[in-house]
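These notes concern the structure reproduced below.
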Amino acid sequence: MFAIVGFVFLLICVFGTFALEGGSMAALFAALPFELITIGGAAAGSFLMANSLHDAKHTAAGMMKALKGAAFARADYVDLLSLLYLLVRLANTKGAMAVEPHIENPTESAIFQRFPKILNNAFARDMICDYMRMVGMNADDPHQIEDVMARELRKTLAEELHGAHALQNIADALPALGIVAAVLGVIKTMGHIDQPPAVLGAMIAGALTGTFLGVLLAYGLAGPIAARMKAVSEEEAKFYEVIRAVLVAHLHGNAPAVSVETGRKMVPNPLMPSFRELEEAMQATQVG
C-alpha cells in the first residue's frame with residue numbers, strides 16, 4: 001500500500017509541475033497511449049524471452065508481495081518461537097521419540113494446530129519437521145546440520161530474488177526502449193517534413209514522450225518495485241533464519257529457553273519481541 005502512495009505522489013509531482021509550468025498536457029496525453037503500448041509491449045516481450053513461464057508467474061506474485069509487504073508480523077515471530085520452544089522442550093524432557101508424532105503428521109499435531117499460520121506455511125512447517133526428523137535419525141552434529149540448513153536457505157533466497165532481478169533487468173532496459181519509441185517518432189516526423197510547424201511540433205512532442213516515458217517507468221516504477229521485492233524477500237528470509245538459529249542452538253545442548261532466546265536475536269529489530277513479551281508467550285503456551 002505504501003508503494004502505491006509513493007507512486008501516486010511521484011505522478012502528482014511530475015505531471016503537476018509540468019502543468020504548472022505551462023506544459024501542454026493535451027500533447028502529452030495524446031501521445032501517451034501509443035508510446036505506452038510501444039514501450040510496454042517491447043518490455044513485456046523482452047521479459048518473456050528472458051524468463052520461463054514459472055519465472056514470469058513468480059515475478060508477478062513478487063510484485064503483489066511488494067505492494068502488500070512482508071508476510072510476517074511481530075505476532076508471527078512470537079508464534080514461531082513459541083512453537084519451537086514447545087518442540088525443543090518436549091525433545092529435551094521426553095526425548096526425540098516424543099517429538100516424532102508431531103513432526104511426522106504436523107496437521108494432526110496438537111502443538112502445530114495451536115499455530116495455524118505456521119502450520120499453513122508449507123516451507124516453514126516442512127523445514128521444522130525435516131530437521132527435527134534428522135536429529136531423530138542421530139544426525140546430531142550441530143555444525144553439519146547448520147551447514148545444510150544454511151545452504152538450503154541460501155538456495156531458497158536466491159530463487160525468491162530471481163523475480164526482483166528479472167524486473168530490475170527490465171527497469172534497466174526501459175530507458176533504451178523509450179529511445180526506440182522516440183526514434184520511431186522521429187522517423188514518422190521526418191516522413192511528414194512538408195507539414196506546417198504546428199503539426200511537426202506535435203509530432204516531435206509525441207516522439208519525445210517516448211523518451212520521457214521510458215525513463216519514468218524505469219526509475220519511477222519498475223526499479224523501485226524491484227528494490228521493494230528484494231527487500232521483502234530478504235525480510236521474509238529472516239523468519240526461516242530464526243528456525244535455523246533455534247534448532248542449531250538446541251543441537252548444541254542449550255536449554256529450550258536459551259535456544260529460543262538465540263532465535264529471538266535473529267528477528268529483524270522492528271519486529272523483535274522483547275524478552276519479557278516472549279517469556280510471557282512461552283508461559284502461556286505451557287499453561288495452554
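Listed here are the residues, each with its yes/no results for (1) more than 15 Å from Asp79 (Cβ to Cβ); (2) surrounded by 16 or more Cβ atoms within 10 Å (Cβ to Cβ); (3) under 24 Å from the mean Cα position of the chain (by Cα).
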position: Leu119; (1), (2), (3): no, yes, yes
position: Phe123; (1), (2), (3): yes, no, yes
position: Cys129; (1), (2), (3): yes, yes, no
position: Met134; (1), (2), (3): yes, yes, no
position: His143; (1), (2), (3): yes, no, no
position: Glu146; (1), (2), (3): yes, yes, no
position: Ala150; (1), (2), (3): yes, no, yes
The condition from (1) part of a helix (DSSP H, G or I); (2) buried (at least 16 other Cβ atoms within 10 Å of the Cβ) that Ala231 misses is numbered (2)
Restricting attention to region 1-57, the residues that are acidic (Asp, Glu) and within 17 Å of Leu216 (Cα to Cα) number exactly 1
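Of these, Ala218, Ala257, Ala205, which one is aliphatic (A, V, I, L, M), buried (at least 21 other Cβ atoms within 10 Å of the Cβ) and in contact (Cβ under 8 Å) with a residue 40 or more places away in the chain?
On the way: Ala257 fails: buried (at least 21 other Cβ atoms within 10 Å of the Cβ); Ala205 fails: buried (at least 21 other Cβ atoms within 10 Å of the Cβ).
Residue meeting the stated conditions: Ala218.
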Here the qualifying pairs (Cβ atoms under 9 Å; residues six or more apart or on different chains; first in region 174-201 and of a type in the set (S, T, N, Q); second surrounded by 14 or more Cβ atoms within 10 Å (Cβ to Cβ)) come out as Thr189/Leu200; Thr189/Met203; Thr189/Ile204; Thr189/Gly206; Thr189/Ala207; Gln195/Thr189; Gln195/Met203
Handout entry: Qualifying residue in region 217-226 (condition: more than 21 Å from Ala3 (Cα to Cα) and either β-branched (Val, Ile, Thr) or part of a helix (DSSP H, G or I) (or both))
Key = no
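Take the conditions touching a Pro at 6+ places or on another chain (Cβ under 8 Å), in contact (Cβ under 8 Å) with a residue 40 or more places away in the chain, buried (at least 17 other Cβ atoms within 10 Å of the Cβ) and basic (Lys, Arg) and apply them to Arg264. Does it pass?
Working: touching a Pro at 6+ places or on another chain (Cβ under 8 Å): yes; in contact (Cβ under 8 Å) with a residue 40 or more places away in the chain: yes; buried (at least 17 other Cβ atoms within 10 Å of the Cβ): yes; basic (Lys, Arg): yes.
It is true that Arg264 is touching a Pro at 6+ places or on another chain (Cβ under 8 Å), in contact (Cβ under 8 Å) with a residue 40 or more places away in the chain, buried (at least 17 other Cβ atoms within 10 Å of the Cβ) and basic (Lys, Arg).
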Restricting attention to region 17-61, the residues that are surrounded by 11 or more Cβ atoms within 10 Å (Cβ to Cβ), modelled with pLDDT under 90 and of a type outside the set (A, V, I, L, M, F, W, C) number exactly 2
Leu83 fails exactly one of (1) surrounded by 19 or more Cβ atoms within 10 Å (Cβ to Cβ); (2) in contact with a His (Cβ under 8 Å, 6 or more places away or on another chain); (3) in contact (Cβ under 8 Å) with a residue 40 or more places away in the chain, namely (2)
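The values are calculated or read from the model by the stated rules, or taken from the named source; none is laboratory data. This is a predicted model, so every value here is computed, not measured. Here Cβ is always computed from backbone atoms with ideal geometry, including for glycine, and neighbour counts include all displayed protein chains.
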